[in-house]
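Colleague: One structure coming up, written as structure tokens, with questions to follow.
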Amino acid sequence: MQPRALATKESLLLVAAEEFSAHGYRAASMRDIAKAAGLTQGALYFHFSSKQKLAAEIIGLQHAESISAVQTVLASDMSGLEGIARLSSTLARQISTNPLVRAGLRLSTESIDELAGVSSRPYREWIAACRVLLERASARGELRDGLDLDAASELIISAFSGTQYLTVALGGAVTLEERLDRLWPMLLGGFTKEPDHPPTPRPAHEPQ
């Protein structure tokens, strides 16, 4: 692809991300996206033959950002529970600063019928990453005996997603990161051998 065409495509993706993030998959139209980008619909369809393909690419870009953070945590030597807290905070920052991430998450949640398979992949891989981190915690003796790691991994992702949407719904001064910093000691404490004294991760937004 020529540099000019590539720049146009990248600009389109950002504009589309803002539209999807603000209005959702069903309400956002290719006409509105083209208008917001200052292009004709023909120019938009030159790059993306359908709204479904445009949305799928945004989900893919969002997922690439998130998986990069996952790989960084998995490559570190931090404890499994601290890794979960740190990873969630990284994703929270991505949500607040990157329109592609915000749009990708909304599309993954709201467009299951239209984007089957594409929308479920990020959640499946996040669950798998949590499973690896819980296995690390278990190997280090941090977790209570008999903990169902598969169920715990799904619960962690469910809790993050619910907290994210609660933050959007309530608005106000409390950020997603602040809510997560309150959530993890309570939730992860239930996984440990000593629930009354759960390991307290360093604040997930603390500089390395």
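Colleague: Most fluctuating residue of Ala17, Ala43, Ala64 in a GNM of the chain with Cα springs under 10 Å: which is it?
Modeller: Comparing Ala17, Ala43, Ala64 in a Gaussian network model of the chain, the most mobile one is Ala43.
Colleague: Can you tell me the length gained on complete extension of the stretch Lys9 to Arg144, counting 0.36 nm per residue apart and subtracting the Cα distance?
Modeller: Taking 0.36 nm per residue and subtracting the Cα distance, the gain is 43.6 nm.
Colleague: Which one, Ala36, Gly162, Leu187, is farthest towards the positive end of the dipole of the chain when Lys and Arg carry +1 and Asp and Glu -1 on their Cβ?
Modeller: Result: Ala36, furthest along the dipole toward the positive end.
Colleague: Ok, one more. Let me check against my output: what whole-number percent is the relative contact order of the chain, with C-alpha pairs under 8 Å and at least 6 apart?
Modeller: Relative contact order of the chain: 23 percent.
Colleague: List the aspartates and glutamates whose Cα lies under 13 Å from the Cα of Lys193, skipping any in the same chain that are fewer than 8 positions away.
Modeller: Leaving aside aspartates and glutamates fewer than 8 places away in the same chain, those within reach of Lys193 are Glu142, Asp145.
Colleague: Going by amide H atoms built from the backbone, whose H comes under 5 Å of the H on Thr192, apart from near neighbours?
Modeller: For Thr192, the qualifying residues are Arg144.
Colleague: Let me ask something additional. Cross-link partners among aspartates and glutamates for Lys35, C-alpha distance below 17 Å, same-chain residues fewer than 8 apart left out?
Modeller: Glu10, Glu18, Glu19
Colleague: Please state, to two decimals, what the Cα-based radius of gyration of segment 45-90 comes to when divided by 2.2 N^0.38 Å (N = residues).
Modeller: Working it through for segment 45-90, the quotient is 1.63.
Colleague: List the GluC sites (Glu not before Pro) in segment 90-179 that DSSP assigns to loop (not H, G, I, E or B) and whose Cβ has at most 16 other Cβ atoms within 10 Å. Which are they?
Modeller: Answer by residue number: Glu114.
Colleague: Using the Kirkwood radius over C-alpha pairs as Rh, can you work out the diffusion coefficient of segment 1-123 via Stokes-Einstein at 25 °C, viscosity 0.890 mPa s, in µm² per second?
Modeller: Stokes-Einstein gives a translational diffusion coefficient of 161 µm²/s.
Colleague: So, one more: Given N residues in segment 52-189, what is Rg(Cα) / (2.2 N^0.38 Å)?
Modeller: In units of the globular-protein estimate, segment 52-189 measures up at 1.05.
Throughout, read-outs are computed from the coordinates displayed, never taken from laboratory work. Here the structure is a predicted model, which is why all the values come from computation and not from measurement. No Cβ is skipped: glycine too gets one built from the backbone with ideal geometry, and neighbour counts run over all protein chains shown.
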